[in-house]
Amino acid sequence: MKIAAPFFLTCLMLCHSLIYSQIVTNPDSVDVYLNEFVLVDVLANDYEINGDSIFLVGHPSYNVIANKYIRVSPDWRWLGRQGRDTIIYHVKQVNGTNTATGYLYFNVINESFNTLDINNLSARFCAFGTHFSDCESSMFFAPKNTPKTVVFANTLWVGGMEVNTGLLHFSGGRYRGSSSNGDFHAGPVSLLYHSYFERDWNRVWKLTTAEINYHINNYYKPGYVPIRDISEWPAHGDTLNGQLWHMAPFHDRNNDGVYQPMKGDYPLIRGDMALFFVFNDTMKPNEASEGTPLGVEVHGMAYAFDQPGDSMLNNTIFLHYDIINRSSNDYEDAWIGMFTDFNLGYQYDDFVGTDVQNGAVYCYNGTAVDGFGQFYAYGADPPVIGMQFLAGPYLDANGIDNPKTDSSGNRLCDISLNGLNFGDGIPDNERYGMTRSMSFYGIGSFNAMSSPGSDTDYYNYLRGIWKDDTRMLYGGNGHITNSYGPECNFMYPGDSDPCHFGTGGIPPYGPADWTEHNAGNLPYYRRVSASSGPFTFRQGDRHQLDVAFLFARDLVANKPLDTIRDRFGKLKELFENNQSMFDPVLSDKSSLKPEKSAVMIYPNPAADHIIVSGIEINKLSPYMIYNIIGQIVASGTIDNSKIVDISHLKSGIYIISIQNSGNLAAKKFIKH
């Protein structure tokens, strides 16, 4: 039987098309910033060899637009990471059945976090104010370069009542992830949060004293190029967009008020390594607390010291906050606090406690051995992690220097117990220490003591009040259903409050040594809030919070609680007597020995000049004067007359730092 030629040719052509039709895909590559998106025309360099049209096949793993674009938009899982990933897409022929697979490589640029790792610890800090986590796992390692972690999350809480209206304002939250974007967002308070705002501000700057000193010694040399975090140091905001002019502190070499690193200006940091970041509560509605924002802007600096020979400093990281009321509101009964979700190795066998005298909360193992052999557990001789309030917000001004001792020299049992700058001869510079601490539980626990679910719950925890509006009581679990009283401000203080500061001077109605162990609690996962207040937070006010995270392990006597409490005491004394050591006043503190000095300033307050006493002046000793935000406002040398001219300074609070024979002494004074 013969086949007609036309039919034969048709079959031949069809077979040729089926055999030789082919879709060719070429890989695409794109960069995308966190919280932004890009549309990629992946078909622009893909084709069918016979010229037939092709289209993108939809798939749940990627977002197709107009049959040829793929929308690349990093989701919440990228909050804590960066780098490359791949989208595998599928292409189909329009007039046929052929399909092909293509590859879109995307690189997520995420500068919203950085790591503080100059000493024995390694901790991640994030530009949006929720620290120590990649949103899924703990990123606070102790020791560093091990899988063992100590804290899962830490977040600032701020709340207060609007004057005249009585409306509660609160911003805080606990975590960042799939369920919440939190209350705080990277960057300063602004009039407009434009498309590149987060690209500019969703960033953590990281510098060391060595890097800054290299810049100081080389900025004037031909061919010198500063590293990026020096050249792009966020010293100034965009005033046309409603931002503050002064942001990150810097040394202004020619005193022109403008940061110009190639003219010798350089960043001022705390410690030997520091991270700087800014966040606010006005960019978006509060998703975590669902509260009304206060309109605050927070300048954060996390830092640590490179002191391997000092076990305390080698196992401590510090965090300083400047908290600025950028709103047009005044707030009364304001509080500042810190939420901390401890994660001590194996996190389901933990207890927590409070050191009242030293203003600290801490987490320790409730069993003799941490975990059951997990690679991230500490095993035998488990450690302790603590968070200490070195200084909180300023007390409301009353025109006097609030004392810390009575007329007989006895230590007072009041807020001066763990506060700062009491009885130093300077009025109205006193700062709260920690005035409240609470431990609450997660989902499924007794509701009145469970995780906060509203702005009122958060604000109550700041003030030592449970979710059912009952005050915390001494003993048991601290709730009225299982305690013996009286009302108290600190949970599980043990024997750290012998004068009964936390109960208003009233002795407990039961055993005074109130700990989780003595209360008969079962070890488990622990979350705490620690706070300072109350104070009045007026528009334009700048309050501060200084906290430290201390790690301690005793592999000899296995008494880590004794070790951590000893370090709390030593660090409190060091911070109180050597405040300039913790200020952003010099780029190189490594060669300066902080001295516990009897330096005094008089008259204080002063109008035209001050006289420095208590320190020996060798010929000409250099000094620098800083305002309360760390800017150098005056400098010079002190001769044997010990007189410093301050007549040109504006009224306010200042710090004078004096370098003498390798020692560093500093003192605060008030200019009328």
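The values are calculated or read from the model by the stated rules, or taken from the named source; none is laboratory data. Everything quoted here is computed from the prediction, not taken from an experiment. In this analysis, Cβ positions are derived from the backbone assuming ideal geometry, glycine residues included, and neighbour counts consider all displayed protein chains. Note: accessible area is taken over every heavy atom of the protein model, side chains too, but ligands, DNA and RNA are not part of it. Shrake-Rupley method; radii C 1.70, N 1.55, O 1.52, S 1.80 Å.
Annotations for the structure displayed:
- Applying the condition of being of a type in the set (Val, Ile, Thr) and open to solvent by less than 20 Å² (accessible area, probe 1.4 Å) to the range 405-442 and asking which residue is nearest to GLN347 (Cα to Cα) yields THR435.
- Answer residue from the range 522-532, given it is touching a helix residue (DSSP H, G or I) at 6+ places or on another chain (Cβ under 7 Å) and in a strand (DSSP E or B) and is most open to solvent (accessible area, probe 1.4 Å) among those: TYR524
- Residues that are in a loop (DSSP other than H, G, I, E, B), more than 21 Å from the chain's Cα centre (by Cα) and more than 30 Å from ARG553 (Cβ to Cβ), drawn from the range 144-178: VAL163, ASN164, THR165, GLY166, LEU167
- Of the criteria (1) farther than 14 Å from PHE276 by Cβ; (2) out of contact with any His (no Cβ under 9 Å at 6 or more places or on another chain); (3) surrounded by fewer than 15 Cβ atoms within 10 Å (Cβ to Cβ), which one TRP245 fails: (2)
- Check on ILE227, buried (at least 21 other Cβ atoms within 10 Å of the Cβ) and hydrophobic (A, V, I, L, M, F, W, C): no
- Failed item in (1) without any contact (Cβ under 8 Å) to a residue 60 or more places away in the chain; (2) surrounded by 14 or more Cβ atoms within 10 Å (Cβ to Cβ); (3) in contact with a strand residue (DSSP E or B) (Cβ under 6 Å, 6 or more places away or on another chain), with ASN114 passing the rest: (1)
- Selection from the range 480-513 of residues that are in contact (Cβ under 8 Å) with a residue 40 or more places away in the chain, touching a Ser or Thr at 6+ places or on another chain (Cβ under 9 Å) and either open to solvent by less than 10 Å² (accessible area, probe 1.4 Å) or not polar (S, T, N, Q) (or both): PHE490, MET491, TYR492, PRO493, GLY494, SER496, ASP497, GLY502
- Some residue of the range 197-209 being open to solvent by less than 10 Å² (accessible area, probe 1.4 Å), assigned to a strand (DSSP E or B) and modelled with pLDDT of 95 or more: yes
- Candidates in the range 249-290 are the residues that are buried (at least 23 other Cβ atoms within 10 Å of the Cβ) and small (Gly, Ala, Ser); of these, the one that is nearest to THR130 (Cα to Cα) is ALA288.
- The condition of being outside any loop (DSSP other than H, G, I, E, B) and among the polar types (S, T, N, Q) holds for only one of ASN217, ASN120, that being ASN217.
- Some residue of the range 554-568 being of a type in the set (Val, Ile, Thr), closer than 27 Å to TYR654 by Cα and open to solvent by less than 10 Å² (accessible area, probe 1.4 Å): no
- Scanning the range 498-521 for residues that are more than 14 Å from LEU412 (Cβ to Cβ) and assigned to a loop (DSSP other than H, G, I, E, B) yields a count of 11.
- Residue identified as within 17 Å of ARG270 (Cα to Cα) and at pLDDT 90 or above among PHE549, PHE568: PHE549
- Selection of the range 402-412 for residues being over 31 Å from the mean Cα position of the chain (by Cα), on the phi < 0 side of the Ramachandran plot and in a loop (DSSP other than H, G, I, E, B) yields PRO403, ASP406, SER407, SER408, ASN410, LEU412.
- Residue selected from the range 49-81 under the condition among the aliphatic types (A, V, I, L, M) and outside any strand (DSSP E or B), by the criterion nearest to ASN35 (Cα to Cα): LEU79
- The residue pairs whose first member lies in the range 269-286 and is more than 17 Å from SER112 (Cβ to Cβ) and charged (D, E, K, R), whose second member is part of a strand (DSSP E or B) and open to solvent by 10 Å² or more (accessible area, probe 1.4 Å), and whose beta carbons are closer than 8 Å, counting only pairs six or more residues apart or on different chains, are ASP272/THR208.
- Residue match in the range 82-91 (condition: touching a residue at least 24 places away in the same chain (Cβ under 8 Å), among the hydroxyl-bearing types (Ser, Thr, Tyr), assigned to a strand (DSSP E or B) and within 30 Å of ASN314 (Cα to Cα)): no
A quick yes/no check of all residues on (1) open to solvent by 50 Å² or more (accessible area, probe 1.4 Å); (2) modelled with pLDDT under 70:
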| site | (1), (2) |
| --- | --- |
| VAL599 | no, no |
| ALA606 | no, no |
| ILE643 | yes, no |
| GLY662 | no, yes |
| ALA666 | no, no |
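- Near pairs, Cβ below 9 angstrom, 6+ apart or cross-chain, from the range 233-257 (of a type in the set (Lys, Arg)) to any residue that is outside any loop (DSSP other than H, G, I, E, B): ARG253/LYS263; ARG253/TYR266
- Every listed requirement among (1) closer than 26 Å to PHE132 by Cα; (2) open to solvent by less than 20 Å² (accessible area, probe 1.4 Å); (3) modelled with pLDDT under 90 is met by GLU36 save one, (2).
- Flag if VAL189 is open to solvent by less than 30 Å² (accessible area, probe 1.4 Å), out of contact with any Cys (no Cβ under 6 Å at 6 or more places or on another chain) and more than 21 Å from ASN460 (Cβ to Cβ): yes
- Lone unmet requirement of (1) within 24 Å of ARG542 (Cα to Cα); (2) at pLDDT 90 or above; (3) not charged (D, E, K, R) for ALA153: (1)
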